[in-house]
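The values are calculated or read from the model by the stated rules, or taken from the named source; none is laboratory data. Just so it is clear, the model here is predicted, and its values are computed rather than measured. Please note: Cβ atoms are built from the backbone with ideal geometry, for glycine as well, and neighbour counts cover all protein chains shown.
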């Protein structure tokens with residue numbers, strides 16, 4: 001084996017430098033993480049959170065809505081333990097569910113647009129959830145919250161930096177989802 005090839009292999013499997021800085025501009029005014037693209041100062045597994053951290057960002061936003069004030073860095077470090085393949089492809093949808101389940105949250109689960117709509121019709125007026133979906137560039141997680149009596153959901157980190165991304169489930173699927181199947185978790 002030549003020296004260059006060995007060095008390339010070493011870099012691929014080497015543990016990255018542990019980075020733990022979150023840009024303050026990544027947060028909304030009310031404390032949600034809304035711009036994953038600014039998380040270049042935070043390592044998440046073997047990659048940067050700006051590349052594969054949408055799972056932990058969605059969990060952080062869900063917990064923030066539920067009144068838990070766990071720091072985002074702590075959520076990232078706890079979720080790193082659940083990453084497959086060192087986090088090269090990000091968080092697994094079942095890992096997101098398991099992390100929140102272990103913290104005491106129970107969910108209704110849907111796998112289609114219609115299932116998500118039906119589930120939200122039966123859920124309380126003030127609720128939150130996480131959706132794992134496929135968009136044009138790949139897979140993504142986004143948290144959503146619904147305030148009392150509001151028909152539209154506020155999606156967090158679905159569009160980087162959009163502080164007030166409000167839309168119905170139907171609008172979300174038409175604008176964002178490139179594949180009709182998803183995994184939606186809605187808190188009971």
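For every residue, the table says whether it meets (1) closer than 20 Å to residue 91 by Cβ; (2) in contact with a helix residue (DSSP H, G or I) (Cβ under 8 Å, 6 or more places away or on another chain); (3) in contact (Cβ under 8 Å) with a residue 60 or more places away in the chain.
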position: 141; (1), (2), (3): yes, yes, yes
position: 148; (1), (2), (3): no, no, no
position: 151; (1), (2), (3): no, no, no
position: 158; (1), (2), (3): yes, yes, no
position: 162; (1), (2), (3): no, no, yes
position: 169; (1), (2), (3): no, yes, no
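For region 24-41, what are the residues that are farther than 15 Å from residue 141 by Cβ and either surrounded by fewer than 24 Cβ atoms within 10 Å (Cβ to Cβ) or touching a residue at least 60 places away in the same chain (Cβ under 8 Å) (or both)?
Quick first cut of region 24-41, residues farther than 15 Å from residue 141 by Cβ only: 24-31, 38, 40-41.
Correct list: 24, 25, 27, 28, 29, 30, 31, 38, 40, 41.
Kindly state which strands (runs of 3 or more DSSP E) lie completely within region 105-188 and contain at least 3 residues that are surrounded by 21 or more Cβ atoms within 10 Å (Cβ to Cβ) and within 16 Å of the chain's Cα centre (by Cα). Reasoning before the result, please.
On the way: elements: 107-112, 127-135, 138-146, 153-156, 165-167, 181-187.
Output list reads 127-135, 138-146, 153-156, 181-187.
Give 29, 11 a once-over and let me know the one that is out of contact with any helix residue (DSSP H, G or I) (no Cβ under 9 Å at 6 or more places or on another chain) and modelled with pLDDT under 75. First the steps, then the outcome.
Working: 29 fails: modelled with pLDDT under 75.
Matching residue, one of 29, 11: 11.
Does residue 48 count as in contact with a helix residue (DSSP H, G or I) (Cβ under 8 Å, 6 or more places away or on another chain), more than 18 Å from residue 143 (Cα to Cα) and either surrounded by fewer than 19 Cβ atoms within 10 Å (Cβ to Cβ) or at pLDDT below 85 (or both)? Walk me through it before giving the result.
Values: in contact with a helix residue (DSSP H, G or I) (Cβ under 8 Å, 6 or more places away or on another chain): no; more than 18 Å from residue 143 (Cα to Cα): yes; either surrounded by fewer than 19 Cβ atoms within 10 Å (Cβ to Cβ) or at pLDDT below 85 (or both): yes.
So residue 48 does not fit the description; no.
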